[in-house]
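The values are calculated or read from the model by the stated rules, or taken from the named source; none is laboratory data. Bear in mind the structure is a predicted one, so any value in this text is a computation, not a measurement. Ideal geometry is used to build each Cβ from the backbone, glycine not excepted, and the neighbour counts take in all protein chains shown.
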Amino acid sequence: MTAADSSGNRMLSRVAALLDAVDGSPASAVELARRSGLSVSTAHRLALSMTDYGFLARNERGEFHPGARFTRSALESAALPVLTQLRDSTGETAQLWLRRGYARVCTVSVDSLAELRVTLPEGARLQLPAGSSGRLLAGEPDALKDIELQGWTQSIASRTPGLGSVSAPVQQHGRVVAAICLAMPLARVSKTPGDDFGAAVAAAAQRISADLETT
């Protein structure tokens, strides 16, 4: 076995130990260290990295618990009917986006039925912080302020000329686990994406969040 193989196996062993440590209940960094046998500094550093990639998440008390990669089925199941209803009521494409490191990934997309529409396939990956969902998932201060004030944040031709979007956060245990996005050609927007559709998108995100809390 090479040194690289040994190092890789040691890292996998540590990741597995932390996943096992949160299997039964959330844990602080100190408790993670106790359950896994790692030092507090190592457990905390690795847990933060695992949070960036969706393996772990943190609740309002700062405790770690299994992340969106392990709640994806429940999240997608909760999101699909809500996004379909949002598409039907607005006529525009509705999507669910998850953060993956320094990118975001579309895991559910319900396309507009209009001939002129925004469409991205499920599995599409975009770099943060492009677009309204990218700004939200990247935690940009202006986007977070928008969410605090009105429940949604928008993008107007910032990623692609002629297109706009409005996004709102999906939360679980007090943490943002995903963003839902309504994307449309600006030619069909009366005022701005947010003015036209922000309230509907925020309400849809809240419904998904509520469904997640009961699963």
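From the residues in the range 108-151 that are under 13 Å from the mean Cα position of the chain (by Cα) and of a type in the set (D, E, K, R), which one is surrounded by the most Cβ atoms within 10 Å (Cβ to Cβ)?
Across the range 108-151, the extreme among qualifying residues is R135.
Output the number of the condition that Q154 fails; it satisfies all remaining conditions of (1) surrounded by fewer than 23 Cβ atoms within 10 Å (Cβ to Cβ); (2) within 29 Å of R58 (Cβ to Cβ); (3) not aromatic (F, W, Y).
Condition not satisfied by Q154: (1).
Table: residues versus (1) under 11 Å from the mean Cα position of the chain (by Cα); (2) outside any loop (DSSP other than H, G, I, E, B); (3) of a type in the set (F, W, Y).
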{"position": "G62", "(1), (2), (3)": "no, no, no"}
{"position": "R69", "(1), (2), (3)": "yes, yes, no"}
{"position": "A74", "(1), (2), (3)": "no, yes, no"}
{"position": "A78", "(1), (2), (3)": "no, yes, no"}
{"position": "P81", "(1), (2), (3)": "no, yes, no"}
{"position": "T84", "(1), (2), (3)": "no, yes, no"}
{"position": "R87", "(1), (2), (3)": "no, yes, no"}
{"position": "L98", "(1), (2), (3)": "yes, yes, no"}
{"position": "C106", "(1), (2), (3)": "yes, yes, no"}
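Is it true that R117 is in a strand (DSSP E or B) and either not hydrophobic (A, V, I, L, M, F, W, C) or not assigned by TED's automatic domain parsing to the domain that holds D20 (or both)?
Numbers: in a strand (DSSP E or B): no; either not hydrophobic (A, V, I, L, M, F, W, C) or not assigned by TED's automatic domain parsing to the domain that holds D20 (or both): yes.
No, not satisfied.
Can A130 be described as at pLDDT below 95 and either assigned by TED's automatic domain parsing to the domain that holds S109 or more than 19 Å from A205 (Cβ to Cβ) (or both)?
Working: at pLDDT below 95: yes; either assigned by TED's automatic domain parsing to the domain that holds S109 or more than 19 Å from A205 (Cβ to Cβ) (or both): yes.
So A130 passes the test.
Being buried (at least 24 other Cβ atoms within 10 Å of the Cβ) and out of contact with any Phe, Trp or Tyr (no Cβ under 8 Å at 6 or more places or on another chain) is the filter; apply it to the range 157-183 and report the residue that is farthest from N59 (Cα to Cα).
Start the filter on the range 157-183 by keeping residues that are buried (at least 24 other Cβ atoms within 10 Å of the Cβ), which leaves 164-170, 178-183.
With out of contact with any Phe, Trp or Tyr (no Cβ under 8 Å at 6 or more places or on another chain) added as a condition, the list becomes 164-165, 169-170, 183.
Numbers: G164: 32, S165: 28, P169: 15, V170: 14, A183: 30 Å.
My answer is G164.
Table: residues versus (1) without any contact (Cβ under 8 Å) to a residue 12 or more places away in the chain; (2) within 18 Å of V110 (Cα to Cα).
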| residue | (1), (2) |
| --- | --- |
| D142 | yes, no |
| G151 | no, no |
| A157 | no, no |
| V166 | no, yes |
| P169 | no, yes |
| G174 | no, no |
| P185 | no, yes |
| A199 | no, no |
| A202 | no, yes |
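Among (1) out of contact with any Gly (no Cβ under 8 Å at 6 or more places or on another chain); (2) closer than 16 Å to G194 by Cβ; (3) part of a loop (DSSP other than H, G, I, E, B); (4) not hydrophobic (A, V, I, L, M, F, W, C), where does S158 come up short?
Here S158 meets the rest and fails (1).
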